[in-house]
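One structure is given here, and the rest of the page talks about it.
What follows draws every value from the coordinates through simple rules; no lab data is involved. Quick caveat, the model's predicted, so the values are computed rather than measured. Cβ sites come from the backbone with ideal geometry, for glycine too, and all protein chains shown count toward neighbours.
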Amino acid sequence: MKLKKILAAIDGSDASEMALDYAIEMAKAFSGSLTILTVQEPLTPAPPPTMPPAIVESYMKEVVVYYDSIIEKALNRVKESRRKIETKTKIAKGVAWERIVEECRSGGHDIVIIGSRGLGGWKGRCLGSGSKRVVEEAPCPVLIVKGGAEK
């Protein structure tokens, strides 16, 4: 079994943190590389046209900081694992499951590891019900880590 390129799709939720832990261990066990992906989904609903642009701009800056912090925390988890793992990070924009599947295809990943439930709402909706779509569409095996399970 070849598991050299591992993709961990995360959104900062407990389930995605557990998925990242699995991905780190898998990368270690198979001497593989790890790509950590988080997806910034579009605002839904979109801000009303009457909302002052300065407020929208301020909010969007906060969103960028939020997703940067998800990646930073993930990199810290890799460092804390004391594993020498080749690690890349990506922040994509769009519909989470679509960007995850796209990364699986374009990155030639051997497996994608995701949490069973994302954060929902403005904080990402990265995984959750989208995990089913990833399973259906991904060109590689998908490991779904159930939140609340023992590590």
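Helical runs (DSSP H, four residues minimum) scored at -39500 (n - 2.57) apiece and divided by the length of the chain put the mean residue ellipticity at 222 nm at -14000 deg cm²/dmol. Straight-line cross-link reach from residue 88 at under 14 Å between alpha-carbon atoms covers these aspartates and glutamates, not counting any fewer than eight positions away in the same chain: 68, 72, 103. A crude spin-label estimate for the pair residue 66 and residue 133, with each label 7 Å from Cα along the Cβ direction, gives 1.8 nm.
Please go through the residue pairs 84/146; 4/90; 61/90 and name each one whose alpha carbons sit more than 20 Å apart in this structure.
Numbers: 84/146 26 Å; 4/90 18 Å; 61/90 18 Å.
Where the Cα-Cα span goes over 20 Å, the pairs concerned are 84/146.
Exposed loop sites here are GluC sites (Glu not before Pro) assigned a DSSP state other than H, G, I, E or B and surrounded by at most 16 other beta carbons within 10 Å; excluding them, the longest clear run of the chain is 1-85.
Loop-only check: which trypsin sites (Lys or Arg not before Pro) in segment 1-67 are DSSP coil with at most 16 other Cβ within 10 angstrom? Before the final figure, lay out each step's value.
Working: sites: 2, 4, 5, 28, 61; in loops: 2, 4.
Sites meeting the loop and neighbour criteria: 2, 4.
Per the Cα gyration tensor, the chain maps to an equivalent ellipsoid with semi-axes of 28, 16, 13 Å, ordered largest to smallest. Label-to-label distance for residue 57 and residue 25 is 4.7 nm, based on points extended 7 Å past Cα in the beta-carbon direction.
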